[in-house]
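Contents: one structure, followed by commentary.
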């Protein structure tokens, strides 16, 4: 949050509160623009919304303001996006898809677990919005491959998603791959989109992973520490072998389980070699220790909850009071899922992907836009989970993988609505076929 505030020099209006300090007791209402406080800016597509807000503040001449201004801007953009997709679907008489889109908007996107990010400087909102827009634009473009405006929106959404958070750089590449796979029959009309989207998404991924800004170096060190010492090595059943595979000294075994926030780690790091260890070595670790991936996945699932980030949603004027006991949210249902079913639900998208690919491509079957986006969303959930796990470890894992539950809740809505609709169409078609045979 602070790194985005640095981009616009927006800080607490109360002079007694240090710009970099947290306010865990209760939220702050008033902020101001203070150009005197300088720090490194974090480049993200979230800056689109904050830049609009700052322009409005400048035009209105507001010296003191609340973050709700930025929240209203984000809410209006989200509403405009959802309405635009629904109008497009209705215009082409795809009423069931429009209903599904409306349900996803009202049930998932407007859930407090997501909507409370509107009034913050966290990048979770831009990740959510552009993931939603990417999926929606992909569906619309598969319906109408020659629609140039929708193609432009799809390209913009992919690039903005890649720039939202470093944890999500692989998502637009996956969506692009799914789009190419499921639209191949229209490749002559879409070849320019294939090229531009492919080059753009890969370039953004390289930019996110290779850019070495001075103020981002400590973040990369923290991520490496949290990943290797806090997650990877504790999950290995043969830690001595794992240390050798990761090209770390054996002394690093003594600090297994520590993270960036453990006492003394930031001042005198006990295993600085993790800073230069490549995550590509994790592939060799998975080959040498096949059970490792299952173990670390199980540990990650245990830390995936809660979907609700506990340090937002605090009540102003109170001490450590939150709204979560007073708000209806899907997170309440998610917290009641037994551990066994959480694991079963984690595997379920693999079944969905396998079934959809089999149904879609057997005997050159007609490709459905629904199959395309369900495949993209199922794969996207795994991308979010593992990129957060191997990118940041277990520290704030539920926040870094926040998009995971939004994707799978949306998938659930799509399946619940489409299964009866498709079944009804199937039986109606069968009845008509029998009637023709009798005739």
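The values are calculated or read from the model by the stated rules, or taken from the named source; none is laboratory data. The structure presented is a predicted model; accordingly, all values stated were derived computationally and were not measured. Counting neighbours? That spans all protein chains shown, and the Cβs are built from the backbone with ideal geometry, glycine included.
Any residue at all in segment 65-73 that is in a loop (DSSP other than H, G, I, E, B) and touching a strand residue (DSSP E or B) at 6+ places or on another chain (Cβ under 7 Å)? Quick ask: steps written out before the conclusion?
Looking only at segment 65-73, we keep the residues that are in a loop (DSSP other than H, G, I, E, B), and these are 67.
Next cut, touching a strand residue (DSSP E or B) at 6+ places or on another chain (Cβ under 7 Å) only: 67.
Yes: segment 65-73 contains one or more residues that are in a loop (DSSP other than H, G, I, E, B) and touching a strand residue (DSSP E or B) at 6+ places or on another chain (Cβ under 7 Å).
Residues that are farther than 30 Å from residue 224 by Cβ, out of contact with any helix residue (DSSP H, G or I) (no Cβ under 8 Å at 6 or more places or on another chain), modelled with pLDDT of 75 or more and part of a helix (DSSP H, G or I): does segment 357-373 have at least one?
Checked against the condition, which is being farther than 30 Å from residue 224 by Cβ, out of contact with any helix residue (DSSP H, G or I) (no Cβ under 8 Å at 6 or more places or on another chain), modelled with pLDDT of 75 or more and part of a helix (DSSP H, G or I), segment 357-373 yields at least one hit.
Is at least one residue of segment 244-261 under 30 Å from residue 111 (Cα atoms), surrounded by 12 or more Cβ atoms within 10 Å (Cβ to Cβ), modelled with pLDDT of 90 or more and in contact with a helix residue (DSSP H, G or I) (Cβ under 6 Å, 6 or more places away or on another chain)?
Initially, segment 244-261 is screened for residues under 30 Å from residue 111 (Cα atoms), giving none.
No; the residues of segment 244-261 include none that is under 30 Å from residue 111 (Cα atoms), surrounded by 12 or more Cβ atoms within 10 Å (Cβ to Cβ), modelled with pLDDT of 90 or more and in contact with a helix residue (DSSP H, G or I) (Cβ under 6 Å, 6 or more places away or on another chain).
Do we have residue 99 as surrounded by fewer than 20 Cβ atoms within 10 Å (Cβ to Cβ), modelled with pLDDT of 90 or more and part of a helix (DSSP H, G or I) here? Let's see the steps before the verdict.
Details: surrounded by fewer than 20 Cβ atoms within 10 Å (Cβ to Cβ): yes; modelled with pLDDT of 90 or more: yes; part of a helix (DSSP H, G or I): yes.
So residue 99 passes the test.
Select from segment 249-287 the residues that are outside any helix (DSSP H, G or I) and under 14 Å from residue 236 (Cα atoms) and write down the one among them that is farthest from the chain's Cα centre (by Cα).
First pass over segment 249-287, keeping only residues outside any helix (DSSP H, G or I): 249, 256-271, 277-280.
Imposing the further condition that a residue be under 14 Å from residue 236 (Cα atoms) reduces the set to 256-257.
Working: 256: 28, 257: 26 Å.
Going through the qualifying residues, I end up with 256.
Just to check your reading of the model, which residue among 179, 156 is modelled with pLDDT of 80 or more, farther than 23 Å from residue 122 by Cα and assigned to a helix (DSSP H, G or I)? Walk me through it before giving the result.
Values: 156 fails: farther than 23 Å from residue 122 by Cα.
The unique qualifying residue is 179.
Spot the failing condition for residue 143; the list is (1) closer than 18 Å to residue 89 by Cβ; (2) surrounded by 24 or more Cβ atoms within 10 Å (Cβ to Cβ), and only one is missed.
Evaluating residue 143 over (1) closer than 18 Å to residue 89 by Cβ; (2) surrounded by 24 or more Cβ atoms within 10 Å (Cβ to Cβ) leaves (2) as the failure.
Filter segment 378-404 for residues that are touching a residue at least 24 places away in the same chain (Cβ under 8 Å) and not in a helix (DSSP H, G or I) and give the result.
Correct list: 393, 394, 395, 401, 402.
Give the residues of segment 295-319 that are modelled with pLDDT under 70 and crowded, with 18+ Cβ neighbours inside 10 Å, sorted by residue number.
313, 314
Scan segment 131-147 residue by residue and report those that are more than 15 Å from residue 84 (Cα to Cα) and within 12 Å of the chain's Cα centre (by Cα).
131
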